[in-house]
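Have a look at the structure below, then the notes.
The values are calculated or read from the model by the stated rules, or taken from the named source; none is laboratory data. Remember, predicted model here, so these are calculated numbers, not experimental data. No Cβ is skipped: glycine too gets one built from the backbone with ideal geometry, and neighbour counts run over all protein chains shown.
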Amino acid sequence: MAEEPQLKNAINGSIKLFESDGLPVALRLLDDAIAEFARQGLNLPVTTLCHHAAVLCSVAESLPLQRHYFELSLTHNPGNFRALYGLARVSLDEGQTDLARKYAQQSVDAIMASDDPLAHSWLELIDKNWPGLVRPPQA
């Protein structure tokens, strides 16, 4: 994976900048890296960096910026269950319970369709916040 060093540099650099100079400076570095990977058509690093940016925004308690990065992630990786779950959590934290449930259901649907071996572990997390939303598969 040729993009791995640039991805590591963006993640590690943003953490250092976040700690020393704050969120806006860290996000500038991430935004530049996201734009470059997007220009190259490399959606996996874009998704990874968007989710990393959302985590930094969570630490800084910025719900609007968390939403922005999860939505950006979905533009490059539609149906990503992690981004959908992130939007569900942000919506719930904003008090938008109907929207949160909608995103949670979309996340469940994406998990059920996923071939990611770790995807199903997210169902328990979703079930804690939205009991009854996760239903066992029909036999």
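Can you confirm whether segment 124-136 contains a residue that is of a type in the set (Val, Ile, Thr), free of Cβ contacts under 8 Å to residues at least 24 places away in the same chain and surrounded by fewer than 21 Cβ atoms within 10 Å (Cβ to Cβ)? Break it down stepwise before answering.
So the first thing to find is which residues in segment 124-136 are of a type in the set (Val, Ile, Thr), and the list is 126, 134.
With free of Cβ contacts under 8 Å to residues at least 24 places away in the same chain added as a condition, the list becomes none.
Checked segment 124-136: no residue is of a type in the set (Val, Ile, Thr), free of Cβ contacts under 8 Å to residues at least 24 places away in the same chain and surrounded by fewer than 21 Cβ atoms within 10 Å (Cβ to Cβ).
Got at least one residue in segment 91-98 being among the polar types (S, T, N, Q), loosely packed, with under 15 Cβ neighbours inside 10 Å and in a helix (DSSP H, G or I)? Yes, segment 91-98 contains a residue that is among the polar types (S, T, N, Q), loosely packed, with under 15 Cβ neighbours inside 10 Å and in a helix (DSSP H, G or I).
Kindly evaluate Ser14 against the criterion of being over 24 Å from Trp130 (Cβ atoms), crowded, with 19+ Cβ neighbours inside 10 Å, out of contact with any Phe, Trp or Tyr (no Cβ under 9 Å at 6 or more places or on another chain) and modelled with pLDDT of 95 or more. Please lay out each step first, then the result.
Numbers: over 24 Å from Trp130 (Cβ atoms): yes; crowded, with 19+ Cβ neighbours inside 10 Å: yes; out of contact with any Phe, Trp or Tyr (no Cβ under 9 Å at 6 or more places or on another chain): yes; modelled with pLDDT of 95 or more: yes.
Judged against the criteria, Ser14 is a match.
Yes or no: Gln6 surrounded by 14 or more Cβ atoms within 10 Å (Cβ to Cβ), over 17 Å from the mean Cα position of the chain (by Cα), assigned to a helix (DSSP H, G or I) and in contact (Cβ under 8 Å) with a residue 24 or more places away in the chain? The answer is yes for Gln6. Looking only at residues that are touching a His at 6+ places or on another chain (Cβ under 8 Å) and not hydrophobic (A, V, I, L, M, F, W, C) in segment 73-104, which one is nearest to Ser62 (Cα to Cα)? Ranking the qualifying residues of segment 73-104, first place goes to Gly86. Could you please find all residues in segment 67-90 being exposed (fewer than 15 other Cβ atoms within 10 Å of the Cβ) and either at positive phi or in a helix (DSSP H, G or I) (or both)? Thr75, Gly79, listed by residue number.
Considering segment 99-114, and only residues there that are of a type in the set (A, V, I, L, M), touching a Leu at 6+ places or on another chain (Cβ under 8 Å) and within 14 Å of Arg135 (Cα to Cα), the residue that is surrounded by the most Cβ atoms within 10 Å (Cβ to Cβ) turns out to be Ala104.
Look at segment 27-45: where a residue is over 13 Å from Lys8 (Cα atoms) and a partner is among the polar types (S, T, N, Q), sitting 6+ places away or on another chain with Cβ atoms under 7 Å, you get Asn43/Asn77.
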